[in-house]
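Each remark here refers to the structure printed beneath this line.
Laboratory data are not the source of any read-out in this text; all were calculated from the coordinates shown. Note that the structure is predicted; figures quoted are calculated from it, not measured. Note that we place each Cβ from the backbone using ideal geometry, even for glycine, and neighbour counts take in every protein chain shown.
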Amino acid sequence: MTTKKKRSSNTQNDRWVAIAADSAVEASKVGDSGPVFVRLRNPATDAASLYLFGSGDSQLYEVKAFNEDCHSWFVGQTVQRDGRLLYFTPMDPLFLLLPYLMKAGKEGKFQPVQQVVMDEDYPACTRLLSCSQTQASLHHVAEEKEVGSQKFHRYSQEKTMEWLKKKVDKTVRALKTSNISVGGGVKSMTYIRAKQESDAREEDYLRYAHGLISDYISDDLSRELLKALGLPEISSPKELEPPSKKRKMSDRPVEAGEDYTKFNSADFARKPPKKMTAAQKSLAKVDKSGMKTMSAFFSPKVKTEKN
């Protein structure tokens with residue numbers, strides 16, 4: 001009796017394909033810890049998300065994954081079964097610190113930030129304080145007091161709104177500079193420009209930028225930011241938001257979505273009829289009356305009931 005050989009597990013398949021800047025994966029100084037993946041509390045969903053700390057915890061990177069069904073990678077002579085594409089982008093650590101500052105701010109007193117940023121479920125959150133821009137940026141979202149050589153902070157809603165509004169303004173400028181279409185002149189599935197970019201109003205840019213920033217803050221803070229921007233709430237966001245924003249809300253990378261939309265269109269399934277060959281034309285003229293089809297020879301015979 002023969003037995004099937006079990007396929008040995010290939011550890012080379014347990015790898016990821018990722019896109020990252022050199023600064024995210026290289027050690028900057030001798031003795032610095034290398035890049036580290038950590039689980040932190042997502043500021044928008046309050047659930048666990050994956051982040052990357054660069055060398056020496058100097059920079060925080062957001063980890064995003066683009067995933068498709070039935071997708072794998074050919075790397076050298078091996079096949080990587082995990083077909084996801086990971087990419088790391090720099091992220092402002094203040095977004096992750098905000099929930100801790102807001103929670104401590106309810107006490108209404110100044111506290112050392114080391115005492116505020118503590119989480120039993122996500123102990124790695126203290127590493128956020130090691131990022132180079134954290135200490136220099138806390139004044140954007142909190143009031144500061146210095147006693148001796150120690151600083152104390154208290155969350156400020158007013159400062160936070162001003163900081164978020166500046167984030168929105170910078171995002172709007174980046175959208176315009178990059179010529180990203182955000183208005184109604186974009187067809188929802190194909191991103192084909194139907195009208196001139198002048199059709200996009202300033203409100204379209206603000207709403208789009210607000211949506212992008214809202215991916216990193218709580219729903220309550222997002223609504224407060226909407227009011228601070230002077231934008232009224234819309235009754236049906238999915239109907240009125242720009243088409244490109246709808247794709248962002250689905251958490252699908254825009255670049256890959258543009259490449260694969262042709263496979264989702266109805267026109268792609270419509271193929272022109274093939275031309276018949278001379279032999280097929282001759283066969284079509286033959287009288288087929290009384291002939292059985294090929295499938296009839298393979299069909300089961302119908303049993304007749306006996307009286």
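Couple of notes before you dig in:
- Screening the candidates Ala142, Ala136 for the property of being surrounded by 12 or more Cβ atoms within 10 Å (Cβ to Cβ) and not acidic (Asp, Glu) yields one hit, Ala142.
- Residue satisfying condition, being farther than 24 Å from Phe152 by Cα, out of contact with any strand residue (DSSP E or B) (no Cβ under 6 Å at 6 or more places or on another chain), crowded, with 18+ Cβ neighbours inside 10 Å and not hydroxyl-bearing (Ser, Thr, Tyr), within set Gly54, Gly76, Gly34: Gly54
- Scanning the stretch 70-114 for residues that are over 30 Å from His139 (Cβ atoms) and of a type in the set (S, T, N, Q) turns up Ser72, Gln77, Thr78, Gln80.
- Candidate set from the stretch 57-67 (those that are touching a Lys or Arg at 6+ places or on another chain (Cβ under 9 Å) and touching a residue at least 40 places away in the same chain (Cβ under 8 Å)); member that is surrounded by the most Cβ atoms within 10 Å (Cβ to Cβ): Leu60
- Residue check, Gly105 among the small types (Gly, Ala, Ser) and in contact with a strand residue (DSSP E or B) (Cβ under 8 Å, 6 or more places away or on another chain): yes
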